[in-house]
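**Student:** Here you go, one structure.
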Amino acid sequence: MIHIVCALYQEAHFLITHYQLKKRNDFHRLQVFENTERGLRVLVTGVGMLRAAMAVSIATERLKVAEHDLLWNIGSCAASFEASPGTVFLCNKLIEEPTGCTFYPDILYRHPFEERAVVSRMTPMTGEPEPGLLYDMEASGVYQAGISDYGPHRMLFIKVVSDYGKGTPDATALQCLMDEAGETILPFLERFLSFHAGQEQSATGQTEEEWEQRLVRDLHCSVTMEHELMQLLRYCALADRNVRDELERDYGQGVLPCRSKREGKQYLEKLKAGLF
Amino acid sequence: MRSLKPDYFDAPVFSHIYIEKEILSHPRTRQLLERFPGIPRIEIDHYKDVFCRQKQDYGLQQRSRKLILAGRREHFLYEGAPVCQDFGNRHFYYSSCVMNCIYDCEYCYLKGMYPSGHLVVFVNLEDYFRAVAQKLREHPVYLCVSYDSDLAALEKLLGTCELWTEFAAKHPDLTIEIRTKSANGAMWDRQEPLPNIVYAFTLSPQRIVEQSEHRTPSAQARVSCAVEGMAKGFPVRLCFDPMLYCADWQQEYGSLLQQIDRELEERQMTWEQVRDVSVGTFRISKEYMRILRAKEPDSLVTQFPYENVDGVYQYPPKLKQQMEQWMIEELSGRISKECIYHEYRT
């Protein structure tokens, strides 16, 4: 699943319409739109880093994060340099203005965007900003709320230039701008969605797990012995060594289950010694 | 994401360069940056801001490497670790002017030690030299400079081996070991052989290279490079350390020894021209192994059911002894026993 955080509905509009996302009614502090078949969820959080952080925390807690889930932040920003409105940037450095803290998302994937640093402020950018930077109000909040679940390699920050600190576009103009930028962003997002659609976690077979647990019981394993046994079974599986047949034979001959922990320990040692 | 198509990853040698603000104007920084025009450069306050972030994915990072240029402020020398061989040297140190390696060996302790797969290069080598020179005033020093990286593999890019060689030429009391899995024959032409610079080649059978030592040169290439160095008068150490278990390990390591025999024979050389050899089976601290196993869940080497002996994971004693003894016996028929090192301080 890819979770995309947008501050405003107008910023998320192109995603909601393109992927026909349905609104969930069980969230009250943020708006959640999703298409579970495509593996996409959009969180509309409201403006500001605190709202963004709170929304990510709530969503993460309630929806659970799977091992390969991604967290993206897509939104508009101001630029303190020459860039056409609607230009899309990928942020490689997030500077939180109120604290001075800096964060670095890992840019591990090929992408079609130019890269820049973004400064996250509590209020919209005005006055004389430092040149060469982007200015937003959410990125650092999303990063900090997401880091412990997603890590720096599963978070991306995509910003679309909407203004230059001298007045922001109205809602209609912002939506138009973001919809247009969507034409650049969507093909990039699509690559990830296609991959995620095909990626079903292959859970360990229930029977295999039950068989292992039975073995743990039948060897009267202590915690240490259980670790040793599991490590041994894992290695055998990787090395294509079929120990299960051997053990089943011992079950057949009454060697297993062991009668005591001591016997179990001896059996485990014998098993190990026979392998190498 | 690990199984994303290879072209999803930003795959050039380095896709981004992070640079500490403090060393922006260092000549070595400027030199390095010139070699990577057009790559995004990101200024940072301290290398740890990037290198030590929480929850990084070492494996993914290895598929899209970043270069971090930094200045080392302290800890230029460390005392040798007990699991490392000291080759009879009393004052055994190692230094780390580069952190991480361009190769991807499944069993590498760096994966257990470092939170990040990105490469950190400390540009202020002069400070390392000062620290070593100071230590040399107290006693002779045996210094391993390529433990936490593979400097010879990076030589074309960094030229660090050459700089250490120049330094060692002025300090006969200093013996430097440059450990490598590379096969960079060009380095033999860039430097003069010195008796106190030892090139130590870690050798593994081709099967192990293919299975566990990703992106490293083949066994044959490493052997050829090592023998070429010897032929040109460089002191070369051959390291059968770590020896790794596989079902037919005797046959595999036997073939490796024969490969070396053939290569020496072709150049009309003998094992007597090898400076020394080291023998040791795989071992790693319990703490590193825990992290390594999580990072390499499908690796035969890391998932082997090792035994924990005083906090160090190693092969079961019988197997360990069998492998090491076998190798020592094989080597004893080729090189004098005094040149075979196999005891480490565990």
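**Student:** State which stretch of chain A is the longest one without any exposed GluC sites (Glu not before Pro), exposure meaning a DSSP loop state and at most 10 other Cβ atoms within 10 Å.
**Tutor:** A:83-199
**Student:** Over the Cα atoms of chain A, what Rg and Dmax result, in angstrom?
**Tutor:** Cα radius of gyration and Dmax of chain A are 26.1, 85 Å respectively.
**Student:** May I pose another question? Pull out a ≥ b ≥ c, the square roots of the eigenvalues of the alpha-carbon gyration tensor of the protein assembly as shown, then state rounded if a/c is under 1.5, prolate if not and a/b is larger than b/c, and oblate in the remaining case.
**Tutor:** Here the protein assembly as shown falls in the oblate category.
**Student:** Report, in debye and to the nearest 20, how large the dipole of the stretch B:196-244 comes out about its Cα centre when Lys and Arg carry +1 and Asp and Glu carry -1 on their Cβ.
**Tutor:** Roughly 80 debye for the stretch B:196-244.
**Student:** Now, a different point. Quick check: from the Cα gyration tensor, does the stretch B:305-346 come out rounded (a/c under 1.5), prolate or oblate?
**Tutor:** It is oblate, given that a/c is not under 1.5 and a/b is not larger than b/c.
**Student:** Quick one: what Rg and Dmax do you get for chain B from the alpha carbons, in Å?
**Tutor:** 19.9, 56
**Student:** Okay, next question. Could you line up B:282, B:122 from fewest to most neighbouring Cβ atoms inside 10 Å?
**Tutor:** B:282, B:122
**Student:** OK, next. Considering the Cα positions of the stretch B:86-153, please state its Rg to one decimal place and its Dmax as a whole number of Å.
**Tutor:** Every Cα atom of the stretch B:86-153 included, Rg and Dmax give 13.6, 40 Å.
**Student:** Cα centroids of the stretch B:106-163 and the stretch A:111-163: how far apart, whole angstrom?
**Tutor:** Here the two parts' Cα centres lie 36 Å apart.
**Student:** Please compute the Kirkwood hydrodynamic radius of the stretch B:126-181 from all pairs of different C-alpha atoms, in Å with one decimal.
**Tutor:** Every distinct Cα pair counted, the radius reaches 11.7 Å.
**Student:** So which aspartates and glutamates pass the test for residue B:170, namely a Cα distance under 18 Å, with those fewer than 8 places away in the same chain ruled out?
**Tutor:** B:126, B:127, B:138, B:162, B:192
**Student:** Could you tell me which trypsin sites (Lys or Arg not before Pro) in the stretch A:243-276 are loop residues by DSSP with no more than 16 other beta carbons within 10 angstrom of their beta carbon? Show your work: numbers first, answer last.
**Tutor:** Working: sites: A:244, A:249, A:259, A:261, A:262, A:265, A:270, A:272; in loops: A:259.
Qualifying residues, ordered by number: A:259.
**Student:** Tell me the trypsin sites (Lys or Arg not before Pro) within the stretch B:155-212 that lie in a loop according to DSSP and have at most 11 other beta-carbon atoms within 10 Å. The partial results should precede the final answer.
**Tutor:** Numbers: sites: B:156, B:170, B:179, B:181, B:190, B:207; in loops: B:170, B:181.
Sites meeting the loop and neighbour criteria: B:170.
**Student:** While we're here: GNM, chain B, Cα, under 10 Å: largest mean-square fluctuation among B:186, B:153, B:247?
**Tutor:** B:247
**Student:** Using the crude model of +1 on Lys and Arg Cβ and -1 on Asp and Glu Cβ, and no other charge, please compute the dipole size for the stretch A:206-275 relative to its Cα centre, in debye to 20.
**Tutor:** Numbers: 12 positive and 14 negative charges, 72 e Å.
Result for the stretch A:206-275 is approximately 340 debye, rounded to the nearest 20.
**Student:** On to the next question. For the stretch B:1-131, what is the convex hull volume of its Cα atoms per residue in Å³?
**Tutor:** Taking the convex hull of the Cα positions in the stretch B:1-131, it is 133 Å³ per residue.
**Student:** Among DSSP beta bridges lying fully in the protein assembly as shown, give the percent that are antiparallel, nearest 5.
**Tutor:** 30
**Student:** Identify, among A:108, A:231, B:270, the residue whose Cα sits farthest towards the positive end of the charge dipole of the protein assembly as shown, taking +1 on the Cβ of Lys and Arg and -1 on the Cβ of Asp and Glu, with the dipole about the Cα centre.
**Tutor:** It is A:231, whose Cα lies furthest towards the positive end.
**Student:** Sticking with this structure for a sec: Give the residue from B:136, B:50, B:70 lying farthest towards the positive end of the charge dipole for chain B; charges sit on Cβ (+1 for Lys and Arg, -1 for Asp and Glu) and the dipole is referred to the Cα centre.
**Tutor:** Checking the options against the dipole of chain B, the answer is B:50.
**Student:** A follow-up question, please. Enumerate the lysines that residue B:48 could reach by cross-link, defined here as Cα to Cα under 28 Å, with residues fewer than 8 away along the same chain left out.
**Tutor:** In chain and number order, the partners are A:93, A:159, B:21, B:66, B:111, B:135, B:156, B:181, B:286, B:295.
**Student:** Same structure again: For chain A, with a Gaussian network of springs between Cα atoms less than 10 Å apart, report the residue from A:144, A:175, A:266 with the top mean-square fluctuation.
**Tutor:** In this elastic network of chain A, the residue with the biggest mean-square fluctuation among A:144, A:175, A:266 is A:266.
**Student:** What is the stretch A:78-133 by shape, rounded, prolate or oblate, if you read a ≥ b ≥ c off the alpha carbon gyration tensor as root eigenvalues and call it rounded for a/c under 1.5, prolate for a/b larger than b/c, and oblate otherwise?
**Tutor:** Since a/c reaches 1.5 but b/c is at least a/b, the shape of the stretch A:78-133 is classed as oblate.
**Student:** Using square roots of five times the C-alpha gyration tensor eigenvalues, list the equivalent-ellipsoid semi-axes of the stretch B:153-217 in whole Å, biggest first. Mind dumping the intermediate values first?
**Tutor:** Working: eigenvalues 134, 33, 16 Å².
So the three semi-axes of the stretch B:153-217 are 26, 13, 9 Å.
Only the coordinates and a few stated rules stand behind these numbers; no lab work does. Here the structure is a predicted model, which is why all the values come from computation and not from measurement. Cβ sites come from the backbone with ideal geometry, for glycine too, and all protein chains shown count toward neighbours.
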